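To start, the structure under review is shown below, and the notes come after it.
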Amino acid sequence: MTKAIVLAVSFLFAAAAFAQQYKWVDPDGKVRYGDTPPPGVKATPMKPPPRGAAPSAPAASAATKDGAKGLSPDAAFRKRQEDADKDREKQAKSDQDAQLKRENCTRAQDALRTLESGQRISRSDSKGERYFLDEAQMAQETNKARQTVKEWCS
């Protein structure tokens, strides 16, 4: 008995799904759709949807948005992951280069401050003996330090 009721209800829903649909314009000028138009309006019957139509259009449009035209969803996902990994690697390299540049700039500025401080600067020769820079050597080292600051801090 219950199987017969379930079967009858299924047929009713199936019939409703294939009912004729109409399109009309209401008195406010809005386009309306329905299975029974109100009396006194000019209703246009619409074509029923094709049977067995799969919702493939949204999947295709989603794939083309990612630039993965013609790829399966899994292949498109892998491509997006690879692109994201490449972007992260580029960003990490860029961050590392920026950090190196900041460190070199700081070192160059420290060296220039030391040379411009006016205190005596000493160096070691190849034998390990310490010697002090004279005025000409100080000027030369200061010019080199200024060029290094320009190079790393600009």
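The condition of being out of contact with any Cys (no Cβ under 8 Å at 6 or more places or on another chain), of a type in the set (S, T, N, Q) and at pLDDT 90 or above holds for only one of GLN20, GLN99, that being GLN99. The C-beta contact set for region 112-139 (first residue under 22 Å from CYS153 (Cα atoms), second residue not in a loop (DSSP other than H, G, I, E, B), distance under 6 angstrom, 6+ apart or interchain) comprises LEU112/ALA145; LEU112/VAL149; LEU115/GLU141; LEU115/THR142; LEU115/ALA145.
Among the residues of region 68-96, just one is part of a helix (DSSP H, G or I) and surrounded by fewer than 10 Cβ atoms within 10 Å (Cβ to Cβ), namely ASP74.
Cβ-Cβ distances below 6 Å connect the following pairs, each with a first residue in region 23-35 that is more than 14 Å from PRO48 (Cβ to Cβ), a second residue that is not in a strand (DSSP E or B), and a separation of six or more residues or different chains: TRP24/PRO37; TRP24/VAL41; TRP24/ALA43; ARG32/ASP26.
Of all the numbered requirements in (1) at pLDDT 85 or above; (2) among the hydrophobic types (A, V, I, L, M, F, W, C); (3) in contact with a Gly (Cβ under 8 Å, 6 or more places away or on another chain), VAL25 misses one, and that requirement is (3).
The values are calculated or read from the model by the stated rules, or taken from the named source; none is laboratory data. Just so it is clear, the structure is predicted and the values come from calculations on it, not from any experiment. Virtual Cβ from ideal backbone geometry, glycine too; neighbours counted across all protein chains shown.
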